[in-house]
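Each remark here refers to the structure printed beneath this line.
Readers should treat all values here as calculations from the given coordinates under stated rules, not as data from a laboratory. None of these values were measured; they are calculated from a predicted model. In this analysis, Cβ positions are derived from the backbone assuming ideal geometry, glycine residues included, and neighbour counts consider all displayed protein chains.
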Amino acid sequence: MGGNQTIGTREPTSEGRRQAKSIGKELVKEGYGIVSGLALGCDTAGHEGALDGKGYTCAILAHGLDIVTPAKNRELAARILENGGALVSEHKPGVPPTRRYYAMRNRIQSALSSHVLVIETTVTGGTMHTARFAVEQKRPLGVLKLPTTDDENLFVEAVAEIKETLSGIVLTSMDEVLSFVRSDTSEEE
């Protein structure tokens with residue numbers, strides 16, 4: 001089965017973090033791999049869920065492989081490798097991270113994924129780059145709609161943007177997430 005990407009904000013709600021971890025764990029139990037960017041927040045939770053589920057996870061880096069950023073995720077990067085996962089970069093060792101490289105790595109995250117699943121983001125978040133790449137690369141795009149409070153209106157706006165502008169599928173439960181990733185893609189070779 002193909003790899004799936006879980007992505008989202010570096011500052012998720014507690015429910016967003018819980019969902020990212022739960023989805024990562026559940027998807028690897030189904031035989032899917034998790035591809036994400038090793039960023040704090042949703043990426044970290046997705047990778048951790050995959051590891052907790054004893055499955056495969058791959059982190060795409062925005063710099064050379066001799067560096068791990070954020071520093072808080074050095075141990076997570078080591079766990080990924082120790083458990084048969086991968087760290088991937090298009091940059092040679094010694095290349096430091098830059099804002100531009102983070103946006104560029106998002107196209108690789110999408111390209112290596114069979115489906116792209118947005119957990120939480122804002123309309124101006126870097127996750128939206130990946131969502132747009134998913135559409136360009138003809139990857140199915142899903143977005144999780146979590147129960148929200150007034151403080152999370154920016155996440156609600158992003159769900160609407162992904163649905164209306166990018167034709168993403170809004171998902172509200174684990175059953176819907178599983179159905180989404182099980183869906184056949186006509187682009188598979």
Ignoring everything except DSSP H segments at least 4 long, calculate the 222 nm mean residue ellipticity for the chain; use -39,500 (n - 2.57) per segment, divide by total residues, nearest 500. -13000 deg cm²/dmol
If you fit an axis through the alpha-carbon atoms of helix 153-164 and take the longest principal axis of the Cα set of the chain, what angle between them do you get, 0 to 90°, nearest 10? 80
For segment 26-112, what is Rg from Cα atoms divided by 2.2 N^0.38 Å, rounded to two decimals? 1.01
Gyration tensor (alpha-carbon) shape descriptor, segment 1-74, a/c threshold 1.5: oblate
Among Ala59, Ala86, Ala39, determine the one that fluctuates most according to a GNM of the chain built with springs between C-alpha atoms less than 10 Å apart. Ala86
Give, as a single signed number, the net charge of other residues whose beta carbon lies under 13 Å from the beta carbon of Gly126, with Lys and Arg counted +1 and Asp and Glu -1. +3
Taking a ≥ b ≥ c as the square roots of the Cα gyration tensor eigenvalues, with a/c under 1.5 meaning rounded and otherwise prolate when a/b beats b/c, else oblate, which class fits the chain? rounded
Provide the net charge surrounding Ser36, with neighbours chosen by a C-beta distance below 11 Å and charges set as Lys +1, Arg +1, Asp -1, Glu -1. -1
Which of Pro147, Gly33, Ser89 sits closest to the plus end of the dipole of the chain, meaning its Cα is farthest towards the positive end, when Lys and Arg get +1 and Asp and Glu get -1 on the C-beta? Ser89
How big is the dipole moment of segment 1-139 about its Cα centre under a simple scheme where the beta carbon of each Lys and Arg is +1, that of each Asp and Glu is -1, and everything else is neutral? Debye, nearest 20, please. 240
Shape call for segment 105-171, from the Cα gyration tensor axes a ≥ b ≥ c (a/c under 1.5 means rounded, otherwise prolate when a/b beats b/c, else oblate), comes out prolate
For segment 50-160, what are the per-bin percents of Cα-Cα distances with bins 10 Å wide, up to the bin holding the maximum? 13, 36, 38, 12, 0
Taking only Cα atoms and a 10 Å spring cutoff, compute GNM fluctuations for the chain and point out the largest among Arg17, Arg100, Arg74. Arg100
Would you check the chain for Lys pairs whose C-alpha atoms are within less than 20 Å, ignoring same-chain pairs closer than 8 in sequence, and give me the count? 9
What ranking of Cys58, Cys42 emerges when the number of other C-beta atoms within 10 Å of each C-beta is taken as an exposure proxy, fewest first? Cys58, Cys42
May I ask you to compute the full-extension gain from Glu30 to Arg10, defined as 0.36 nm times their residue separation minus their alpha-carbon distance, rounded to one decimal in nm? 4.6 nm
